[in-house]
Amino acid sequence: MSKCIKCNIEVLDQTTKCPLCSRVLELNGTEHSIYPDAIRTTKRFRTLFNVIFFLSIVIALACVLVNTTFRRDILWSGIPVLILVYANISLHLLLTGKSNYVFNVVFTPLFFIALLIGIDFFSGNYGWALNYVFPICITATDLVILILMMIRRRFWQHYLMAQIFMILLSLVYGLLLLIKLTHSIPLFWLALGSSCLLLLGTVIIGDYKARSELHRRFHA
């Protein structure tokens, strides 16, 4: 014999569902849901993120306080602050699940570049991140996009916008060359060349599907 807690009735036969509300019943009279409690799980993740976010603020303020109290000539506290910001953004995107794989491919290296540039700035502004990490990350991202297109052959056209974004990032590096904030010309041509060749190859090999995707993106 089972009992439905919601309807407060006893079910005498061997059915597993309440005849009134169709809830799943157990033989001991307690009901259970056949679906996971997604709301409770989401609340737990949000609580965990809020705790981590609060602790990050405390750690960042402590670093700034120690830095300004004992060593004002070097702003080393900016490094842990940037790392905490990067970690919280990555964790937020992971827990909320609001970003898709194309977003992760494009913006993960962008956030990483910004993090390293900030670390370079606060550690003495030697220029290694802007001169070398920036174009190398662009080239590496082009390679990752190519590999993902080969793995996900049915969805290769979804990566066209990511390829165009990599070209724009390469041109940004070229602009920095013109205003003499960077100086690595070979790495600029490597980044721009790999990005342009990847897009050109995709458009040529993809043929009609590639052109249709570009037309849909820019004329929607």
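The values are calculated or read from the model by the stated rules, or taken from the named source; none is laboratory data. These numbers were taken from a predicted model, which means no experiment stands behind them. As a convention, Cβ positions derive from the backbone with ideal geometry for all residues, glycine included, and neighbour counts pool all protein chains shown. The area values use the complete protein model at the heavy-atom level, side chains included, leaving out ligands, DNA and RNA. Shrake-Rupley method; radii C 1.70, N 1.55, O 1.52, S 1.80 Å.
Before moving on, here are some points about what is shown:
- For segment 197-202, backbone phi angles converted through the Karplus equation (6.51, -1.76, 1.60; θ = phi - 60°) give residue-by-residue couplings of 5, 5, 5, 4, x, 5 Hz, Gly and Pro being listed as x.
- In segment 114-220, the trypsin sites (Lys or Arg not before Pro) that fall in loop regions by DSSP, at most 10 other Cβ within 10 Å: K180
- Where Cα atoms sit under 25 Å apart: lysine pairs in the chain separated by 8 or more or lying on different chains: 4
- What a 1.4 Å probe finds exposed on the chain is 70% carbon and sulfur by accessible area, rounded to a whole percent.
- Taking every protein chain into account, the accessible area of segment 45-183 amounts to 61 square angstrom per residue (probe 1.4 Å).
- Table column - 3J(HN,Hα) (Hz), segment 151-162, Karplus curve with 6.51, -1.76, 1.60, x for Gly and Pro: 6, 9, 5, 6, 10, 4, 5, 5, 8, 5, 5, 5
- Positive end of the dipole of the chain (Cβ unit charges, origin at the Cα centre): among N67, A162, I147, the Cα lying farthest that way belongs to A162.
- Here the Karplus curve 6.51 cos²θ - 1.76 cosθ + 1.60, taken at θ = phi - 60°, turns the phi angles of segment 64-70 into couplings of 5, 5, 5, 5, 6, 8, 10 Hz, with x standing for Gly and Pro.
- The radius of gyration of the Cα set in the chain, together with its Dmax, comes out at 26.6, 84 angstrom.
- Cα-based helix-to-principal-axis angle, 78-96 vs the chain, degrees rounded to 10: 40
- Using a Förster distance of 25 Å, the FRET efficiency for F155-H92 (Cβ separation, nearest 0.05): 0.50
- Shape box of segment 150-205 [Cα atoms, principal axes, largest first, Å]: 42, 18, 16
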